[in-house]
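Report on one structure; see the data block that follows.
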Amino acid sequence: MALKLGDCVLLAGDLGAGKTTFARAAIRAVAGDRAERLEVPSPTFTLVQNYDLRLAIAHFDLYRIADPAEIDELGLPEALETGAAFIEWPERAEGHLPGGAIRFEIAEPPDDPDARDVEITAPPDFAQRLQRSLALRAFLESHGWETAFREYLLGDASTRAYETVHRDGERAILMNAPKRPDGPPVRDGKPYSQIAHLAEDVLPFVAIGRTLKDKGFRAPEIFAFDLDRGIVLLEHLGGDGILDENRVPIADRYAASVECLAAMHAVSWPREIDVDGARHVVPDFDLGAFLIETELLSDWYVPRIRGEKLLDDEIAEFRALWTDLFAIVDAGEKTLLLRDFHSPNIIWDGAAKGVARVGLIDFQDAMIGSTAYDVASIVQDARVDVPPALRHRLLDRYCEVRARAPDFDEEAFRLAFAVLSAQRATKILGIFVRLDERDGKPAYLGHIPRLRAYLKSSLAHPALAGLAKWYEKHGILDAEVEPR
């Protein structure tokens, strides 16, 4: 669980120390092979064995090489570009191994032939990752999961990562979310995360999750947590979603999702939540958060398509237009908005009834704001094509359910929807370019044509005419984003 791309692990020790045994266990763990069925032969004769896993692994045995330079011919540089490597007998390639390698010195203690002493020498980055992994193991042991098999699940676009843990036929999700460090100040001495009201620890997740369950919605049960260390053990809601095997929206499941939102928006939500003596105050979706999200487009997307940044007066005009539009949504109906209510974060339970069919898993950044925000998120799903006809049906279905309450103002809601769908597409265009440029994740660029199409649709609303002219003037919707 501590391994990542580019790690080079040197396994040193005498003949019979257990280098191959260690590598075999590690490779099977990366493969999620609980049954130990994966064949992991010793590379004594082949010199290298490659494994195409969620993290590609190359397993080297250098005992038989005649020249240290052969390590390059065996493909070590390429292996570290695409995955990680285990190297037995590393001393045979002295002078040809990468700097910053991780060294495991394995030895048999003199008084116990069935035990091994392992001395680890590693750069600080790996040492921190390893310590974190051991802390997660200690957390599981302290809550009755000492025999759990840990399997990598996913890492998201933040500092969070997730594992599936298995114990005697049970499974749960282990959230690894160390406290988010503050970034550099970007405005008024505050970092982006504070202005945008992003969760900096796991307290908001636990608080919002408990509150959702208390109100009758399908958030995962939280079995155990450590607020200080940022670890949560929670219910596994299953692996079914709201897309089919071809990643096409399943219309009935999308409809159930907007019905779930309609039910949430008919409920009153607390602004302050107590978690075992710790208090979480749900932030407002205020002007600062609204604008800092839109400016992801001016900070990242526009420089990418224009090759230069906007001028100060162009940015001022952009902010003024969005400030006027914020007044529209801020004057409307408010609720708990989950912020990322879309296909990757919705788990489907076909055996349940009503809102219980819609499992909610990503809500730590929740705020109090417009009812239209989450509806825009699911209706214009950023990562899959939602056909226009289905988008109209979903919006109509939400309004139909909400209209059962006499105080629902459908006209005001649809106006807020137009503003927030444009705002969300604007924000995500910037995020996806940032993920490419800053985080080395170019796959997100493939979603940009869809987002531009969503944005064009939203800007067609008469209330957004001024903003539409600004976007047209600066070529926002026509220029292609070329891969780097």
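Within segment 349-364, the residues that satisfy the criterion of being surrounded by fewer than 20 Cβ atoms within 10 Å (Cβ to Cβ) and not aliphatic (A, V, I, L, M) are Asp349, Gly350, Lys353, Gly354, Asp362. The set of residues in segment 138-176 being crowded, with 16+ Cβ neighbours inside 10 Å and either part of a helix (DSSP H, G or I) or not assigned by TED's automatic domain parsing to the domain that holds Asp228 (or both) consists of Phe139, Leu140. Of the residues in segment 39-60, none is over 28 Å from the mean Cα position of the chain (by Cα) and basic (Lys, Arg).
Would segment 10-29 turn up any residue that is farther than 26 Å from Pro109 by Cβ and not hydroxyl-bearing (Ser, Thr, Tyr)? Among the residues of segment 10-29, not one is farther than 26 Å from Pro109 by Cβ and not hydroxyl-bearing (Ser, Thr, Tyr), which makes the answer no. Residues that are touching a Leu at 6+ places or on another chain (Cβ under 9 Å) and either closer than 20 Å to Arg424 by Cβ or among the aliphatic types (A, V, I, L, M) (or both) within segment 300-323 comprise Trp300, Tyr301, Val302, Phe318, Arg319, Leu321, Trp322, Thr323, listed in sequence order.
Return a yes/no flag: does segment 225-234 have any residue that is β-branched (Val, Ile, Thr), out of contact with any Gly (no Cβ under 9 Å at 6 or more places or on another chain), in a loop (DSSP other than H, G, I, E, B) and over 18 Å from Leu336 (Cα atoms). No, every residue in segment 225-234 fails to be β-branched (Val, Ile, Thr), out of contact with any Gly (no Cβ under 9 Å at 6 or more places or on another chain), in a loop (DSSP other than H, G, I, E, B) and over 18 Å from Leu336 (Cα atoms).
Any residue in segment 115-128 that is hydrophobic (A, V, I, L, M, F, W, C), part of a helix (DSSP H, G or I) and within 27 Å of Gly440 (Cα to Cα)? Looking through segment 115-128, at least one residue is hydrophobic (A, V, I, L, M, F, W, C), part of a helix (DSSP H, G or I) and within 27 Å of Gly440 (Cα to Cα). Among the residues of segment 106-159, those that are more than 20 Å from Ala172 (Cα to Cα) and touching a Phe, Trp or Tyr at 6+ places or on another chain (Cβ under 7 Å) comprise Ile106, Val118, Ile120. The number of residues in segment 148-195 that are touching a helix residue (DSSP H, G or I) at 6+ places or on another chain (Cβ under 9 Å), without any contact (Cβ under 8 Å) to a residue 40 or more places away in the chain and among the hydrophobic types (A, V, I, L, M, F, W, C) comes to 1. Of all the residues in segment 386-425, those that are over 22 Å from Phe290 (Cβ atoms) and at pLDDT 95 or above number 18.
Report whether or not Asp439 is over 18 Å from the mean Cα position of the chain (by Cα) and either closer than 30 Å to Ile273 by Cα or of a type in the set (D, E, K, R) (or both). Criteria not met by Asp439. Considering each residue of segment 73-84 in turn, none proves to be at negative phi, surrounded by 16 or more Cβ atoms within 10 Å (Cβ to Cβ), over 34 Å from the mean Cα position of the chain (by Cα) and not hydrophobic (A, V, I, L, M, F, W, C). Give me the pairs, please: first residue somewhere in segment 323-344 and in contact (Cβ under 8 Å) with a residue 12 or more places away in the chain, second residue anywhere and of a type in the set (Ser, Thr, Tyr), beta-carbon distance under 6 Å, and either six or more positions apart or on two chains. The qualifying pairs are Val329/Ser370; Gly332/Ser370; Glu333/Thr371; Thr335/Thr371; Leu337/Tyr373; Phe341/Ser377; His342/Ser377. Listed by position, the helices (runs of 4 or more DSSP H) enclosed by segment 266-353 that each have at least 2 residues that are modelled with pLDDT of 95 or more and assigned by TED's automatic domain parsing to the domain that holds Gly430 are 287-296, 312-330.
Every test in (1) surrounded by fewer than 16 Cβ atoms within 10 Å (Cβ to Cβ); (2) among the small types (Gly, Ala, Ser); (3) within 18 Å of Val302 (Cα to Cα) is passed by Gly430 save one, and that test is (1). Pick from Thr211, Thr159: which is modelled with pLDDT of 95 or more, on the phi < 0 side of the Ramachandran plot and of a type in the set (Ser, Thr, Tyr)? Going through Thr211, Thr159 in turn, the sole match is Thr211. The residues listed here are Ala389, Ala382; of these, the one that is in the same structural domain as His447 (by TED's automatic domain parsing) and crowded, with 20+ Cβ neighbours inside 10 Å is Ala382.
A count restricted to segment 105-132 and to residues that are closer than 24 Å to Leu55 by Cβ and touching a Gly at 6+ places or on another chain (Cβ under 8 Å) stands at 3.
Go through the residues of segment 88-96 one by one and say whether even a single one is within 22 Å of Val40 (Cβ to Cβ), assigned by TED's automatic domain parsing to the domain that holds Lys19 and in a strand (DSSP E or B). Within segment 88-96 (the criterion being within 22 Å of Val40 (Cβ to Cβ), assigned by TED's automatic domain parsing to the domain that holds Lys19 and in a strand (DSSP E or B)), the answer is yes, since at least one residue qualifies.
For segment 136-149, state whether one or more residues are in contact with a His (Cβ under 8 Å, 6 or more places away or on another chain), modelled with pLDDT under 95 and not small (Gly, Ala, Ser). Yes, segment 136-149 contains a residue that is in contact with a His (Cβ under 8 Å, 6 or more places away or on another chain), modelled with pLDDT under 95 and not small (Gly, Ala, Ser).
The values are calculated or read from the model by the stated rules, or taken from the named source; none is laboratory data. Keep in mind the model is a prediction, meaning the values are calculated, not measured. Quick reminder, even Gly has a Cβ in these numbers, built from the backbone with ideal geometry, and neighbours come from all protein chains shown.
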